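Here's the structure we're looking at; comments come further down.
FYI, it's all coordinate maths here, none of it is from the lab. Keep in mind the model is a prediction, meaning the values are calculated, not measured. Because the Cβ atoms are built from the backbone with ideal geometry, glycine has one as well, and the counts that use them run over all protein chains shown.
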């Protein structure tokens, strides 16, 4: 991922989660203290990944200072607008490639906390693990008497957005009703609704055949490090946009997701020399391999910071491989949010959340019939 981002700098190799919390916005120094206190559980935050092709190495950042990674955005914003604004913000190459942003909303006693990392540093599962450790409500951070540093640490985002973000809250009860009626998984339903949305969104000439998407799956074992790197496989799945009936679309998706090649992928990652791993994954990163990537990211446990609970959230998925768009379904303690990201010239991608909701409604109706 690191080398590919060097070769394709216009792709989007940043992964982000933006969370909405209810309570007074903390001082940035408080966030830095939180990171420092949690480092034993998520040491990747103080590690650097660097080196030329085939020689990339992780090493401790001897000059690590958590405060350098914490930023405050002036003014107020919404969850989606804030996440979109941060999508293109660069990460400093001379230190660990992640950042945390504090943003105000227009609601009293509410703020946003956005965590971003380079995809080479973390995949979605590692980011979810990190957020669970940072915002564990059962391990409160000791109180301190630090002074406010907001004004001194206010950051100005880079202008000239290259990525858009479109998102929508997801009716989880409807998805769970389909699970109960059909036995399919939430991921199956998410992908089936995506197929229905694309059937309505694509030009008519492109609806007569399935559309390929890349779907990642986690291959980590319990004893492995959970906080860094990419331990994922990518299945190339054919979305049945050519199928007019929602129930038949679901059946065709379930047929493909019945088995994830986790053991085979793990063996490849563990045993292949670096140059062969590069060859193995290169196909999935080539433009034209798939129309898009589709990810389900879940953090089912409660999250909170200093007594302020997480009440919402959104994922900004990476946009590598020249994909037209990337999509993510984010399951969080307060519900679920669907996100799509694309380059700004593809403004029509903003229609996809609405079309996905329509397709989910059609599937819900079919499941009750």
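Counting every other Cβ atom within 10 Å of each residue's Cβ, 71, 323 order from fewest to most as 71, 323. The length gained on full extension between residue 369 and residue 264, counted as 0.36 nm times the residue separation minus their Cα-Cα distance, comes to 33.9 nm.
The long axis of helix 262-271 is offset from the longest Cα principal axis of the chain by roughly 50 degrees. Each helix, a run of at least 4 DSSP H residues, gives -39500 (n - 2.57); summed and divided by the residues of the chain, these come to -9000 deg cm²/dmol at 222 nm. Legend: calculated FRET efficiency, residue 56 to residue 143, from the Cβ-Cβ distance at R0 = 35 Å, rounded to 0.05, equals 0.30. Distance from the Cα centre of region 353-369 to that of region 47-118, in angstrom? Here the two parts' Cα centres lie 36 Å apart. Each label was represented as a point 7 Å from its Cα along the Cα-to-Cβ direction; for residue 248 and residue 78 these points are 3.8 nm apart.
Taking the C-alpha atoms only, the angle from helix 352-368 to the longest principal axis of the chain is near 50 degrees. Computed over the alpha-carbon pairs of the chain, the distance histogram in 20 Å steps reads 29, 59, 12, 0 percent, short to long.
Entry note: region 108-147 has Rg to Rh equal to 1.07, where both radii use alpha-carbon atoms and Rh is the Kirkwood radius. Axis of helix 186-201 versus longest Cα principal axis of the chain: the two differ by about 70°, to the nearest ten degrees.
By its C-alpha gyration tensor, with a ≥ b ≥ c as the square roots of the eigenvalues, how is region 24-132 shaped: rounded for a/c under 1.5, else prolate for a/b larger than b/c, else oblate? The shape class here is prolate.
Listed peptides 123-130, 234-241 appear in the order 123-130, 234-241 once ranked by packing, highest mean of other Cβ atoms within 10 Å at the front. Compute the Cα gyration tensor for region 241-281, then decide on rounded, prolate or oblate, letting a ≥ b ≥ c be the square roots of its eigenvalues: rounded whenever a/c is under 1.5, prolate when a/b is larger than b/c in the other cases, and oblate in all that remain. Taking the square roots of the gyration eigenvalues as a ≥ b ≥ c, region 241-281 is oblate.
Enumerate the residues in region 95-122 having an amide nitrogen under 19 Å from the point lying 7 Å beyond the Cα of residue 172 toward its Cβ. Those under the cut-off are 113. Would you work out if region 182-327 is rounded, prolate or oblate? Take a ≥ b ≥ c from the square roots of the eigenvalues of the alpha-carbon gyration tensor; rounded if a/c is under 1.5, else prolate when a/b is larger than b/c, oblate otherwise. Here region 182-327 falls in the oblate category. Treating r as the C-beta distance of residue 108 and residue 350 and R0 as 30 Å, the FRET efficiency rounds to 0.55.
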